[in-house]
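Quick notes on the structure that follows.
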Amino acid sequence: MAGTFMSAQVRRIATLAAHFRVPSVAATGERRLQAFATMANTSVFENVQQAPEDPILGVTVAYNKDPSPSKLNLGVGAYRTEEGKPLVLDVVKRAEQQLVAEKSRNKEYQAITGNQQFNKLSARLILGPDSPAIAKNCVATVQALSGTGALRIGAEFLAAHYAKPQIFLPMPTWGNHNKIFPLGGVSQKPYRYYDPKTRGLDYEGMLEDLKAAPDGAVILLHACAHNPTGVDPTEEQWEGIRKVIRSKNQLPFFDCAYQGFASGSLDKDAYAVRSFVADGGECLISQSFAKNMGLYGERVGALNIVCRSAPVASRVDSQLKLVIRPMYSSPPVHGAAIAAAILEDGNLFKNWTVELKGMADRIISMRHQLYDALQERGTPGDWDHVLKQIGMFTFTGLNKSQVEFMTREYHIYMTSDGRISMAGLSSRTVPHLADAMHAAVVGAKSKV
Amino acid sequence: MASPAACRNVSARLLKALVGRQEARLGNALKAMSTTTNVSRFEQVTMAPADPILGVSEAFKRDESEKKLNLGVGAYRTEDLQPMVLEVVKKAERKMLESGENKEYLPIEGLAAFNKATAELLLGADNAAIKENRVATIQGLSGTGSLRLGAAFIQRYFPGTTVYISNPTWGNHMNIFNDAGVPWKHYRYFDPKTVGLDFEGMMADIENAPDGSIMLLHGCAHNPTGVDPTPEQWEKIADLIEKKNHMAFFDVAYQGFASGSLDQDASSVRRFVERGMEVLVAQSYSKNLGLYAERIGAINAVVSSADAAARVRSQLKRIARPMYSNPPCHGARIVANVVGDAKMFDEWRAEMQEMAGRIKTVRQRLFDELSSKDKSGKDWSFVLKQIGMFSFTGLNKAQSDNMTNKWHIYMTKDGRISLAGLNLAKCEYLADAIIDSYYNVQ
């Protein structure tokens, strides 16, 4: 049998070499390591370290483990009813029943780019029914695995086809952005966004950083309801941002995960995207139907690339297929079929807008209740941002140790950046959260 | 270390590196172009060729001939050449609707009930590795998605290791490893002379690969050839892989579909696991449960310790999160429901045997037609010996084109036909077409 006893010395050298990325030595060492491993009956996976839990999804994991009856999950952005239950929209149930009952329906592979009807309707939803870009066939749209999947495909496409695959991300941004882009082959840099002093937009800082960014750089923009801060530019500010981006020929990449959820109006929430597309420039737009249609686990989304001309859009579409095919071949059918049915049917669509507004309104009411509760308790600090911030989340301004305190003492589960999901609150649980926040803030003060 | 996507377009990036010093000028040129001449920044993007497999169905749809026959993609058709949703799947879906499941995010690793069921289906419910928590299972997006997770894991934890893939193999295997940035090479597999396995060539190539390489093996019903090793050959392959310290990476897309028996079709994988070998296994429920478009499968790592398995699971999750966050729930629930209910499980097995049985029947009829029409004495028995959905006819590209252009029979250019798309009524026509293409076209 081949292989001799390898000294611990060789193993240490091989490991070191791997760290310094000396390929030939590392590879040889790797192979010898593997030979050694088998002889000693250990695993070839021995060097694999335990990965930490995902910072956002890991909150739910921790919450599930907690036996306390007063525990509250304000981590992941999944809508809850006033009773604290997940919600399947009525229109979704109706659409699903129709689908399952349909005799002509089958489970054949979809096209690589997915459900074409869904793609058309999805593009129309974000760009508007009268969009000239759509009329001129300038939009390449592919069905994707919710927002994450759309962003990842966009990243891989840019890495392969864009002259400057470097993206600028707002500070802070959704944690997963920082992983999606590098793994997709696009390096990333930050631009100033959130001002902790005002708890609002650092507009001047943002424009400065965009102007300092290279020409042609990709700029990630949250279309509405910025995650995690809830701070959105005003319409005037969007205009200023657009002008700078266009003057530098930068490429906007919109992450649109909350259309309709932010203000309650689908059109209002599409304002920023539509204003950019209206100037004739190009952009990428990732869409998610996880929140606004409550289709979270079905993974329904789309990537749109708005191009200058139809021939370009057609070629771009063909190249997107080459990204998708080696990743998962074609997207899942079920969720997109539900979404398409809702978008297509006048009645279902209308009822959807009503349910959507209902969810958005409940969140706004939670904002008011939390604000009032903090006022009642005389919690120190200015809490206006609870009312001003938009969308599912509130960036409370609480720091990491305050958050840890709230989890430990009050069983409140949230991300360590101080973000809470308002969608996870109810009238019944607001007092408990207010108590926890009060204690955390007052406790911190008394420590100083 | 080059990013996975960058590996794909090496020549383009080289070009970019060469013009790196002119970046400022390029930037200005871009700016000038876009604002004054209205040229797209994606102007250089070329039209990609159609996918060789999925593109066949697209071409088939455009054909207006009555005689047309789609033997391209491996999707099962009934005797009436209709797509089929299994009865047990319809039942499961109705049950799911009635019980009013919610649509919350699954955990990154997928539906727990599905993961448990899929590992047990693959390895056997009483398998020691499962009992000892040595199997890391992550729900993946069918076979492709599961292979991609495995490939990305290999890129990270076995950097520089080459994956050996059969020649020929499913075309998308190469794309998957390319995009994941994993180097690959071929091992000999198909012998066109015997229309069977080139066992000596295969063993020699496994032997010559550097120790600790990774061998991609088709668990059963090899795609595209339909040629599987015999049990004795599997033993020898396992011996050699063990000797060379290679790791086996099984692609199991047809469990239950090949022979009709779930256990028999898993025997190659189970053989390796029984020996205590560490393996990766990608599974798909596209064919055996007809869940093609639901994209349901799994990546499994069978590891020598529970501790290492837990760590591997955590790292597989870390790969999935920036790809799609968490997998789709619908298909996973269907599988979990079917496997979790004894009655539905039995019904599934019966339907699966029916599908496998129909394919064996058309193989027999096709063989009979070929043998009776071809007076040359050529041995067409490979049609009977090959296993699973596909048959490697031995037709070359020109001959395959003739099948399409003259006979309106759609297949892939490597000579592969999907028997799942054939029915008894069309066997004679197909036999005529094959004989014409084989003898009259070079």
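The values are calculated or read from the model by the stated rules, or taken from the named source; none is laboratory data. From a predicted model like this one, the values you see are computed outputs, not experimental measurements. With ideal geometry, Cβ positions are generated from the backbone for all residues, glycine too; neighbour counts draw on all protein chains shown. What goes into the accessible areas is simple: the full protein's heavy atoms, side chains included, and nothing from ligands, DNA or RNA. Shrake-Rupley method; radii C 1.70, N 1.55, O 1.52, S 1.80 Å.
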Considering the stretch B:288-314, residues that are at the interface with another protein chain (Cβ under 8 Å from one of its Cβ atoms), open to solvent by 10 Å² or more (accessible area, probe 1.4 Å) and touching a residue at least 60 places away in the same chain (Cβ under 8 Å), and then whichever is farthest from B:ALA75 (Cα to Cα), we arrive at B:SER305
Looking at the stretch A:150-179, I want the residues that are not assigned by TED's automatic domain parsing to the domain that holds A:ALA223 and have a partner that is charged (D, E, K, R) with Cβ atoms under 6 Å, at least 6 apart or on another chain. Which pairs are those? none
Taking the options A:SER427, A:SER421, A:SER416, name whichever one is within 25 Å of the chain's Cα centre (by Cα), closer than 24 Å to A:ARG362 by Cβ and among the polar types (S, T, N, Q). A:SER421
All conditions in (1) within 14 Å of chain B (Cβ to nearest Cβ); (2) modelled with pLDDT of 95 or more; (3) surrounded by fewer than 23 Cβ atoms within 10 Å (Cβ to Cβ) are true of A:ILE180 except (3)
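Select the helices (runs of 4 or more DSSP H) contained entirely in the stretch A:234-320, then report the ones holding at least 2 residues which are open to solvent by less than 10 Å² (accessible area, probe 1.4 Å) and more than 9 Å from every other protein chain (Cβ to nearest Cβ).
A:235-247, A:271-278
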Would you pick out the residues in the stretch B:46-77 that are under 15 Å from B:GLY290 (Cβ atoms), open to solvent by less than 40 Å² (accessible area, probe 1.4 Å) and either modelled with pLDDT of 95 or more or touching a Pro at 6+ places or on another chain (Cβ under 8 Å) (or both)? B:ALA75, B:TYR76
The number of residues in the stretch A:102-133 that are open to solvent by less than 70 Å² (accessible area, probe 1.4 Å) and more than 9 Å from chain B (Cβ to nearest Cβ) is 15
Verdict on B:ALA248 being closer than 29 Å to B:PHE345 by Cβ, within 13 Å of chain A (Cβ to nearest Cβ) and at pLDDT 95 or above: yes
Could you list, in sequence order, all residues of the stretch A:91-118 that are under 17 Å from A:ALA290 (Cβ atoms) and assigned by TED's automatic domain parsing to the domain that holds A:ALA278? A:GLY114, A:ASN115, A:PHE118
Name the pairs: first residue in the stretch A:344-359 and part of a helix (DSSP H, G or I), second residue open to solvent by 50 Å² or more (accessible area, probe 1.4 Å) and of a type in the set (Ser, Thr, Tyr), Cβ to Cβ under 7 Å, at least 6 apart or on different chains? none
Residues that are under 19 Å from B:LEU197 (Cβ atoms), at least 2 per element: which helices (runs of 4 or more DSSP H) completely within the stretch B:364-442 meet that? B:382-385
Among the residues of the stretch B:154-181, write down those that are hydrophobic (A, V, I, L, M, F, W, C) and within 9 Å of chain A (Cβ to nearest Cβ). B:PHE158, B:MET174, B:ILE176, B:PHE177, B:ALA180
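Conditions (1) within 16 Å of A:THR379 (Cβ to Cβ); (2) outside the structural domain of A:ALA290 (by TED's automatic domain parsing); (3) open to solvent by less than 50 Å² (accessible area, probe 1.4 Å), marked per residue:
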| position | (1), (2), (3) |
| --- | --- |
| A:THR394 | yes, yes, yes |
| A:GLY397 | yes, yes, yes |
| A:SER401 | no, yes, no |
| A:GLY418 | yes, yes, yes |
| A:MET422 | no, yes, yes |
| A:ARG428 | no, yes, no |
| A:ALA434 | yes, yes, yes |
| A:ALA439 | yes, yes, yes |
Residue selected from the stretch A:80-93 under the condition touching a helix residue (DSSP H, G or I) at 6+ places or on another chain (Cβ under 7 Å) and modelled with pLDDT of 95 or more, by the criterion surrounded by the fewest Cβ atoms within 10 Å (Cβ to Cβ): A:ASP90
What are the residue pairs meeting all of these: first residue in the stretch A:197-214, first residue closer than 13 Å to A:ILE167 by Cα, second residue open to solvent by 20 Å² or more (accessible area, probe 1.4 Å) and not β-branched (Val, Ile, Thr), Cβ atoms under 6 Å, and 6 or more apart or on different chains? A:ASP209/A:ARG192
Taking the stretch A:66-79 on its own, how many of its residues are more than 15 Å from A:THR429 (Cα to Cα) and either modelled with pLDDT under 95 or polar (S, T, N, Q) (or both)? 3
Cβ-Cβ under 8 Å, sequence separation 6+ or interchain: first residue in the stretch B:389-400 and under 10 Å from B:VAL441 (Cα atoms), partner among the hydroxyl-bearing types (Ser, Thr, Tyr). Which pairs? B:LEU395/B:SER437; B:LEU395/B:TYR438; B:GLN399/B:SER437; B:GLN399/B:TYR438; B:SER400/B:THR412; B:SER400/B:SER437
Test A:ASP202 against the stated conditions and say whether it is surrounded by fewer than 21 Cβ atoms within 10 Å (Cβ to Cβ) and of a type in the set (D, E, K, R). yes
Could you check the stretch B:86-115 and list, in sequence order, the residues that are touching a residue at least 60 places away in the same chain (Cβ under 8 Å), open to solvent by 40 Å² or more (accessible area, probe 1.4 Å), outside any loop (DSSP other than H, G, I, E, B) and among the charged types (D, E, K, R)? B:GLU87, B:LYS91, B:LYS95
